[in-house]
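Participant: Dumping the structure here so I can ask a few things about it.
The values are calculated or read from the model by the stated rules, or taken from the named source; none is laboratory data. Small disclaimer: the values here were computed from a predicted structure and weren't measured. Here Cβ is always computed from backbone atoms with ideal geometry, including for glycine, and neighbour counts include all displayed protein chains.
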Number of protein chains: 2
Amino acid sequence: MELLQKAIQERGTIIGDTIVKVDSFLNHEMDTALLYEIGQEFRRQFQHKPVTKIVTIEAGGIAPALMAGLAFNVPVVYAKKQKSLTMKGDVYIESVYSFTKQVHSNVTISKDRLSPEDHVLIIDDFLANGEAAAGLISILNQAGATVAGIGIVIEKSFQRGRSRLEELGIEVVSLARIARIGEGKIEFLNS
Amino acid sequence: MELLQKAIQERGTIIGDTIVKVDSFLNHEMDTALLYEIGQEFRRQFQHKPVTKIVTIEAGGIAPALMAGLAFNVPVVYAKKQKSLTMKGDVYIESVYSFTKQVHSNVTISKDRLSPEDHVLIIDDFLANGEAAAGLISILNQAGATVAGIGIVIEKSFQRGRSRLEELGIEVVSLARIARIGEGKIEFLNS
């Protein structure tokens, strides 16, 4: 997605060899017009799938997932990173490790919010090692729901997330695929 | 907003005398069509103000804020509840207490993301005691930005949030105002 690659190049900040900070348009300040287009692009990429629901994980995934939900006209469920006092009753739960924050979190979705009839498109802002996506897949498996595919805004193709998910037989579509970060430059794969 | 009151009545779950759980359409599963209308309604309510940016707080505020940002065609910034490793550099910070989760959080916004030229509409999912909103106002004051107003999806009018914010001279618009929760019923104020 050219508009997105342009935003990453021009408005992202490179930190070391593995991190590009996109706080200026994706996951702190959010460019609403760009996110709208991201939602539309996910719709185009997965229009062959019978998507009934979109699932993501707080907080970075909420905006692109919501815009995809708007494009598909389906509800969006975001997994929570800790059990709150108002989240009573039964939940599906999975432990997920964040390399960025260096913490384990319990990721939960209420059992009420998923059914075996659901065809779920997973959306997330980043794919690196695939920890979050694998956690969500485990939760969807617990619910007996079908994983329709995984849509990612920015993939770090030099990390193992994509191959790990493809080994599970799941279709992965990333709107921007970063081949390499280094010497102040970002190189993209043509997806 | 009638559509929203209807959703709260029909799809909300009452817990005790103070909590209505809206996990089925607002802050776990999200009804994208309803949230789109919520964004449009915030635009109508605040169209007299020169809004340049929308500010909210993760995670519950992100969806209504993003839809308001889409309606106003302005960027949205969400305050983070803890400082992550990729959030380097200077941040504005304020401590906020959550009665629901019974924890204090440090709420932060990067200094890069706000300027004294900004006219900021604060959006949040709930207004109860006004802790989160007061924290965001403090951050906007630190940045020298103008608070254009506060837009709330669901106000618990039996708690002190609104009066606390109005005492600061700030316009508060809530799309649903709950007068009373009890005996399995929700009563609304006509706003």
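Participant: Picking from A:VAL153, A:VAL96, which residue would you name as being within 23 Å of A:LEU3 (Cα to Cα) and either among the hydroxyl-bearing types (Ser, Thr, Tyr) or not in a helix (DSSP H, G or I) (or both)?
Facilitator: From the options A:VAL153, A:VAL96, the qualifying one is A:VAL153.
Participant: Do you know which residues across region A:99-148 are assigned to a helix (DSSP H, G or I), within 14 Å of chain B (Cβ to nearest Cβ) and free of Cβ contacts under 8 Å to residues at least 40 places away in the same chain?
Facilitator: Across region A:99-148, the qualifying residues are A:LYS111, A:ASP112, A:ARG113.
Participant: Out of B:ILE57, B:ILE93, B:ILE15, which single residue is surrounded by fewer than 19 Cβ atoms within 10 Å (Cβ to Cβ) and touching a residue at least 40 places away in the same chain (Cβ under 8 Å)? Lay out the reasoning, then the answer.
Facilitator: On the way: B:ILE57 fails: surrounded by fewer than 19 Cβ atoms within 10 Å (Cβ to Cβ); B:ILE15 fails: touching a residue at least 40 places away in the same chain (Cβ under 8 Å).
Within the list B:ILE57, B:ILE93, B:ILE15, the selection yields B:ILE93.
Participant: What single numbered condition from (1) crowded, with 21+ Cβ neighbours inside 10 Å; (2) in contact (Cβ under 8 Å) with a residue 60 or more places away in the chain fails to hold for B:GLN9?
Facilitator: (1)
Participant: Which numbered condition trips up A:ILE19, out of (1) within 8 Å of another protein chain (Cβ to nearest Cβ); (2) touching a helix residue (DSSP H, G or I) at 6+ places or on another chain (Cβ under 6 Å); (3) over 23 Å from B:LYS21 (Cβ atoms)?
Facilitator: (2)
Participant: Continuing with this model, one more query. Restricting the search to region A:156-171, which residues are buried (at least 18 other Cβ atoms within 10 Å of the Cβ) and either of a type in the set (S, T, N, Q) or part of a helix (DSSP H, G or I) (or both)?
Facilitator: Answer for region A:156-171, where residues must be buried (at least 18 other Cβ atoms within 10 Å of the Cβ) and either of a type in the set (S, T, N, Q) or part of a helix (DSSP H, G or I) (or both): A:SER157, A:GLY161, A:ARG162, A:LEU165.
Participant: Would you pick out the residues in region B:53-79 that are touching a Ser or Thr at 6+ places or on another chain (Cβ under 9 Å) and among the hydroxyl-bearing types (Ser, Thr, Tyr)?
Facilitator: If the condition is that a residue be touching a Ser or Thr at 6+ places or on another chain (Cβ under 9 Å) and among the hydroxyl-bearing types (Ser, Thr, Tyr), then B:TYR78 is the only one that fits.
Participant: Specify which of the listed residues (A:PRO64, A:PRO75) is facing chain B (nearest Cβ under 7 Å) and crowded, with 16+ Cβ neighbours inside 10 Å.
Facilitator: Being facing chain B (nearest Cβ under 7 Å) and crowded, with 16+ Cβ neighbours inside 10 Å holds for just one of A:PRO64, A:PRO75, which is A:PRO75.
Participant: Any residue at all in region B:106-127 that is under 15 Å from the mean Cα position of the chain (by Cα), within 30 Å of A:ILE19 (Cβ to Cβ) and at pLDDT below 95?
Facilitator: yes
Participant: State the number of residues belonging to region A:23-54 that are at the interface with chain B (Cβ under 9 Å from one of its Cβ atoms) and in contact (Cβ under 8 Å) with a residue 12 or more places away in the chain. Full working, then the answer.
Facilitator: Initially, region A:23-54 is screened for residues at the interface with chain B (Cβ under 9 Å from one of its Cβ atoms), giving A:23-25, A:27-33, A:35-36, A:53-54.
Checking the rest, the ones that are also in contact (Cβ under 8 Å) with a residue 12 or more places away in the chain come to A:24-25, A:27, A:30-31, A:35-36, A:53-54.
Of the residues in region A:23-54, 9 are at the interface with chain B (Cβ under 9 Å from one of its Cβ atoms) and in contact (Cβ under 8 Å) with a residue 12 or more places away in the chain.
Participant: Taking B:LYS111, is it of a type in the set (Lys, Arg) and more than 17 Å from B:GLN82 (Cα to Cα)?
Facilitator: Numbers: of a type in the set (Lys, Arg): yes; more than 17 Å from B:GLN82 (Cα to Cα): no.
No: the conditions fail for B:LYS111.
Participant: Looking at (1) in contact with a Phe, Trp or Tyr (Cβ under 6 Å, 6 or more places away or on another chain); (2) more than 7 Å from every other protein chain (Cβ to nearest Cβ), which is the one condition that is false for B:GLU58?
Facilitator: Failing condition for B:GLU58: (2).
Participant: Which of (1) within 15 Å of A:ILE62 (Cα to Cα); (2) within 15 Å of the chain's Cα centre (by Cα); (3) polar (S, T, N, Q) is the odd one out, the single condition B:GLN45 does not satisfy?
Facilitator: Of the numbered conditions (1) within 15 Å of A:ILE62 (Cα to Cα); (2) within 15 Å of the chain's Cα centre (by Cα); (3) polar (S, T, N, Q), the odd one out for B:GLN45 is (1).
Participant: Can you pull out every residue in region B:172-187 that is surrounded by 14 or more Cβ atoms within 10 Å (Cβ to Cβ) and of a type outside the set (Ser, Thr, Tyr)?
Facilitator: B:VAL172, B:VAL173, B:LEU175, B:ALA176, B:ARG177, B:ILE178, B:ARG180, B:ILE181, B:ILE186
Participant: Of the residues A:ASP124, A:ASP90, only one is charged (D, E, K, R) and under 23 Å from B:GLY12 (Cα atoms); which?
Facilitator: Of A:ASP124, A:ASP90, the one residue that is charged (D, E, K, R) and under 23 Å from B:GLY12 (Cα atoms) is A:ASP90.
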